[in-house]
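These notes are about the structure you will find just below.
All of the numbers you see were taken from the coordinates with simple rules; none came from a lab. For clarity, every value in this text was computed on a predicted model and none was experimentally measured. FYI the Cβ positions are ideal-geometry reconstructions off the backbone, even for glycines, and counts take in every protein chain you see.
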Amino acid sequence: MHLQSKLPNVGTTIFTIMSSLAVEHNAVNLGQGFPDFLMSDELISLVNSAMKNGFNQYIHMNGLPLLRERLAEKIEKLYQTKINSETQITVTPGGTYAIYTALTTVLQKGDEVIVFEPAYDSYIPNIEINGAKPILISLQHPNYSIPWDEVKQKINSKTRMIMINSPHNPTGAVLSEHDINELRKIVADTNIIILSDEVYEHLIFDNIQHQSILRYPDLLERSFVCFSFGKTYHCTGWKLGYCISSVELMKEFRKVHQFNCFTCDTPKQVALAEYIQNEEAYLSLGNFIQQKRDFFRELMKATPFKLIPSHGSYFECYSYDFTDETDKDIAIRLTKEYKIATIPVSAFYKDGIDNKVLRFCFAKKEDTLKKAVEKLMHLK
């Protein structure tokens with residue numbers, strides 16, 4: 001039997017490779033982005049109660065109505081934007097699924113999608129599997145800002161979508177109000193759709209305001225905005241998120257959604273509808289994770305790596321000039337010889353652009369971070 005691959009150039013992700021190496025060599029894993037500390041006991045208890053109380057069968061295709069109502073209330077408080085919970089919010093099995101579904105909803109063969117690299121590794125395969133073409137624009141190293149003049153040059157009649165991600169994975173860069181204004185000017189009087197990946201919405205530092213598309217009703221009309229409960233509540237393994245859009249776009253999104261997963265985990269949605277009322281749990285998250293970033297930064301001063309500042313997400317990038325090794329080679333050597341796993345940032349570029357930068361996940365217990373950096377202090 002011969003199968004023609006829809007993704008002929010895609011292999012095993014770097015996350016799987018580095019995590020497998022970490023297990024094989026018993027290394028501290030600062031590669032893949034997940035916390036090693038416990039999530040809320042209260043939220044666990046609420047899920048347990050929901051299961052015991054019989055909430056174990058299919059739930060509404062679009063998500064538990066009460067959860068969507070409370071998300072709409074939260075959005076209005078945070079971003080002063082009114083969202084219709086019935087027609088504009090759909091609960092999804094994770095943020096990555098929401099991104100894939102939004103792309104599949106919109107893209108036709110031959111469409112072009114502007115993608116900023118380094119980029120989360122699902123973006124480009126999701127575009128290509130839908131028959132569209134990613135138009136790659138490199139963020140300006142080392143601060144990873146968007147070169148808006150280049151964006152303007154790449155816009156043409158085939159441009160169907162622009163993908164943005166803030167706080168940014170893998171670099172931790174965040175969009176400014178200036179960025180939003182530039183985006184506004186570019187999409188005005190066009191049919192260009194925006195896909196805004198905001199899964200790290202609450203993991204933003206240094207008193208910076210998150211420039212969510214939800215703050216801008218004119219942009220929301222042409223946008224899919226994707227979020228993650230897992231990132232907000234330290235439960236990435238739950239794979240539960242949601243997408244917000246205009247009424248017209250969400251109607252089309254749900255056509256794809258209903259024939260893919262159809263519906264999402266019931267007891268967790270029941271629990272989240274209750275727990276989301278604890279505003280402190282998400283409002284304090286930025287400071288909580290920033291303390292970990294700052295702790296890790298201080299430790300890393302004793303290593304030969306050079307800081308590239310992060311202002312959000314689970315991640316901070318560090319460059320190096322003490323070896324001519326590629327970032328992938330040094331990441332593998334660090335895992336095998338020094339027992340610490342990272343992610344080479346070249347893996348986030350389609351063509352493997354290597355600026356000699358590694359990504360570290362600092363969303364870990366302090367003991368984990370200490371153990372990791374102690375290993376790096378002996379690096380030769």
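Hey, any hits in the range 133-148 for a residue that's under 18 Å from C226 (Cβ atoms) and charged (D, E, K, R)?
No, that holds for no residue.
Which count do you get for residues in the range 223-260 that are in a helix (DSSP H, G or I) and within 16 Å of the chain's Cα centre (by Cα)?
Number of matching residues: 7.
Which ones in the range 106-144 are among the polar types (S, T, N, Q), within 26 Å of R254 (Cα to Cα) and in contact with a Phe, Trp or Tyr (Cβ under 8 Å, 6 or more places away or on another chain)?
Those that are among the polar types (S, T, N, Q), within 26 Å of R254 (Cα to Cα) and in contact with a Phe, Trp or Tyr (Cβ under 8 Å, 6 or more places away or on another chain): S122, N126.
Of all residues in the range 179-193, which are in contact with a Phe, Trp or Tyr (Cβ under 9 Å, 6 or more places away or on another chain) and surrounded by fewer than 23 Cβ atoms within 10 Å (Cβ to Cβ)?
D179, I180, E182, R184, K185, I186, listed by residue number.
Kindly provide the set of residues from the range 54-74 that are aliphatic (A, V, I, L, M) and within 16 Å of A271 (Cβ to Cβ), ordered by number.
I59, L64, L66, L67, L71
Out of the residues in the range 347-380 that are under 17 Å from the mean Cα position of the chain (by Cα) and part of a helix (DSSP H, G or I), which is surrounded by the fewest Cβ atoms within 10 Å (Cβ to Cβ)?
Among residues in the range 347-380 that are under 17 Å from the mean Cα position of the chain (by Cα) and part of a helix (DSSP H, G or I), the one surrounded by the fewest Cβ atoms within 10 Å (Cβ to Cβ) is A347.
Among the residues of the range 5-22, how many are free of Cβ contacts under 8 Å to residues at least 60 places away in the same chain and surrounded by 11 or more Cβ atoms within 10 Å (Cβ to Cβ)?
3
Yes or no, residue by residue, for (1) free of Cβ contacts under 8 Å to residues at least 12 places away in the same chain; (2) out of contact with any strand residue (DSSP E or B) (no Cβ under 9 Å at 6 or more places or on another chain); (3) aliphatic (A, V, I, L, M); (4) surrounded by 17 or more Cβ atoms within 10 Å (Cβ to Cβ):
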{"position": "E177", "(1), (2), (3), (4)": "no, yes, no, no"}
{"position": "R222", "(1), (2), (3), (4)": "no, no, no, yes"}
{"position": "T236", "(1), (2), (3), (4)": "no, no, no, yes"}
{"position": "L240", "(1), (2), (3), (4)": "no, no, yes, yes"}
{"position": "K268", "(1), (2), (3), (4)": "no, yes, no, yes"}
{"position": "A273", "(1), (2), (3), (4)": "no, yes, yes, yes"}
